[in-house]
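Right, one structure below, let's go through it.
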Amino acid sequence: MKFCWLFLHKMKKFPFLILSCLLFSWCAFCQPVYNARILSWNVLHYPDPSSTTSDTSQRNPYFREIIQYINPDIFMVTELATANAYLHFLNYVMNASGAGMYSAGTFINGPDTDNAIYYRTNDFQFISNTPIKTALRDISEFKLVHIATGDTIRIYGCHLKASSGPANEAARAAEADSLRKVTNALSGGTDFIVCGDFNIYGDYEQAYIKLMQDNVTDDGNFIDVLNLPGVWNQPAYSLHHTQSTRFTSVGGGAPGGMNDRFDMMHFSNAVMQPGRITYIPNSFTNPGNDGMHYNQSINVMPNTAVPQNIADALYYASDHLPVYADFEFSTPTSVSEFTSEIPAPEIFPVPFSDWIFVKYFSSSGRQISIRLRKITGEIILESVFLITKSGYHPASFNEVRFLNPGIYFLEFISGDYFFRKKILKTQE
């Protein structure tokens, strides 16, 4: 790149060579990043079997208005009532403004209502839909590949047992346990999310605790970016509620106004860290909730979060608000001989308390960064070393004695080499 710029002033007669040089430099040093929006929504028993024709003709225009407003790249939908509902929704909602814009993943007709997934045809390729059996409804593992980058994402779509009370809480906990058995078995660093209608009332529920439980022995836990303590159906959390959009019942939906946080989206450790697929901070959104409609219908004027026509569409389409988040999909860098031949760093003691010692291999002339991150992604310690001699090199970190007990990530970065290990900090 430096060579190109040194000779630019001498190459005015050779614009093609200048352009070629700049393009080569850009290709060599810049990696494309693509953004994608993932949407989740409980569409309220679609279509209503008691009045299928009138229901879809009345609600479809509202669904179309919301989909065009949010403009998702992937849409995971829950509470489809019939086996052909997913194709009806694809044809008359998702592709209403252009045939072929969206495709539908394989549909599995399980017990009770079902999940489905739609994706932008030009950007994603569907791989599989694998049901996770529970006592009531299947949890769906949808696997898709981002075409431009080759990145694979797993999206777990769920609709957990509804209603309050010990028996229903226990049922939700069993469903969450079934999901964790699957995610615990995935390789460390796998990109996955879970979304849907959780019907959970607060962070005290065992279902929520099971989903968030971060074990040293696996990488199957989820991270809640909102991290709201206590009971959620209270005015202090009004900005985060997703049900009900109606104060009085409409079309069989739940009444009562906005007062429950049932619809959520949680992320794996890998998605919360810089990597191939990364959650864009502060992008999680429950559109239509301005925090001013506690125990009210979502379309009571004024709604400062969305235009009035969108608030009305949210009201008439479903008793749940949709939720979405944005993600970066990045092109993987090539793997060099350095990456393929380097042995994994040695880290001890594990777990650690008041110090960490590492021994890593590096070739001469390389710069290596060693970072310690919280599970939320925040870098709390970083050291950079310029290696002058090939071989094994030691480093120790005593600053960790000031950290709170918990799970951390230790990372090693050098050029295209990247290594991450989950480690536990215990009491001194």
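Read the figures in this text as sums done on the coordinates, not as results from a lab. Remember, predicted model here, so these are calculated numbers, not experimental data. Here Cβ is always computed from backbone atoms with ideal geometry, including for glycine, and neighbour counts include all displayed protein chains.
List of remarks:
- Local charge for residue 223 was computed over the other residues whose Cβ lies under 11 Å away, with Lys and Arg +1 and Asp and Glu -1, and equals -1.
- For the pair residue 228 and residue 401, a Förster radius of 45 Å applied to the C-beta separation gives a FRET efficiency near 0.90, rounded to the nearest 0.05.
- What the phi angles of the range 270-280 give under the Karplus curve with 6.51, -1.76 and 1.60, with θ = phi - 60°, is a coupling list of 5, 5, 7, 10, x, x, 5, 10, 9, 5, 7 Hz, glycine and proline written as x.
- For the range 33-107, relative contact order (Cα pairs under 8 Å, six or more residues apart, normalised by length) works out to 39 percent.
- Phi to ³J(HN,Hα) by Karplus 6.51 cos²θ - 1.76 cosθ + 1.60 over the range 403-410, Hz, x for Gly, Pro: 7, 6, x, x, 8, 9, 10, 9
- Residue 348-residue 152 pseudo-label distance in nm [points 7 Å out on the Cα-to-Cβ vector]: 3.4 nm
- If only the Cβ of Lys and Arg carry +1 and only the Cβ of Asp and Glu carry -1, the dipole of the chain around its Cα centre is close to 1440 debye.
- For the listed peptides 33-44, 139-150, a ranking on the average number of other beta carbons within 10 Å per residue, highest first, reads 33-44, 139-150.
- Coupling constants for the range 383-390 follow from the phi torsions by the Karplus curve (6.51 cos²θ - 1.76 cosθ + 1.60, θ = phi - 60°), and in residue order they are 10, 10, 10, 9, 8, 9, 9, 5 Hz; glycine and proline get x.
- Modelled FRET efficiency - R0 35 Å, residue 308 with residue 84, Cβ distances, 0.05 increments: 0.55
- Cα gyration tensor shape of the range 209-368, rounded if a/c is under 1.5, else prolate or oblate by comparing a/b with b/c: prolate
- If the chain linking residue 71 and residue 290 were pulled fully straight, counting 0.36 nm for each residue of separation and taking away their Cα-Cα distance, it would gain 76.9 nm.
- Relative contact order %, the range 337-425, counting alpha carbon pairs below 8 Å whose residues are six or more apart: 32 percent
- Projected label points at residue 384 and residue 34, each 7 Å from Cα along the beta carbon direction, are separated by 3.1 nanometres.
- Descending principal axes extents, the chain, alpha-carbon based, whole Å: 75, 68, 40
- Pairwise centroid distance, computed over Cα atoms, of the range 171-200 with the range 235-288, Å: 17 Å
- Amide hydrogen neighbours beyond the local backbone of residue 320, cut-off 5 Å, H modeled: 245
- Among 307, 252, 414 - extreme Cα towards positive end, dipole of the chain, charges at beta-carbon: 414
- Neighbours of residue 347 by Cβ distance under 12 Å: Lys/Arg scored +1, Asp/Glu scored -1, total +2.
- Taking the square roots of 5 times each eigenvalue of the Cα gyration tensor of the range 49-119, largest first, gives ellipsoid semi-axes of 18, 16, 10 Å.
- Shape class for the range 337-425: prolate, because the ratio a/c of the largest to smallest gyration tensor axis (alpha-carbon atoms, square roots of eigenvalues) is 1.5 or more and a/b beats b/c.
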